[in-house]
Amino acid sequence: MAIGGDLLSAMHESALSYAATIAQLQQLQQPALLISYEKALQYPQRTVSVIAGFCGQPLTDDRIAEIAAETITASDPRYLAK
């Protein structure tokens, strides 16, 4: 949903962004982890667990919960920083 803009323009920009992301991923020589902002908000502890696993860092369930509570929040102004 485009907010305050033309829907087709927003869709076009989104498609261009995805194409640029795909091009970058195809050139990587190392593993990459893509995380959906929306899914991270929906499943914060699972997100932390997946990131830790990707990085090879074992974490206890308690530490996963603590990290998720401290770092994954909706409407954090840092998400909007440019």
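Every number in this text was worked out from the coordinates using simple rules, so none of it is lab data. None of the values given here were measured: they were computed from a predicted structure. Please note: Cβ atoms are built from the backbone with ideal geometry, for glycine as well, and neighbour counts cover all protein chains shown.
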Selection from Gly5, Leu59, Leu34, by position along the positive dipole direction of the chain (Cβ): Leu34
Ordering of 40-52, 7-19, 59-71, 23-35 by burial proxy (mean other Cβ atoms within 10 Å per residue, highest first): 40-52, 59-71, 7-19, 23-35
Relative contact order, percent, the chain [alpha-carbon distance under 8 Å, six or more residues apart]: 21 percent
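How large is the helix-only mean residue ellipticity at 222 nm for the chain, computed as the sum of -39500 (n - 2.57) over DSSP H runs with n ≥ 4, divided by its residue count, in deg cm²/dmol to the nearest 500? The partial results should precede the final answer.
Working: 4 runs with 49 residues, N = 82.
Estimated from H runs of four or more residues: -18500 deg cm²/dmol.
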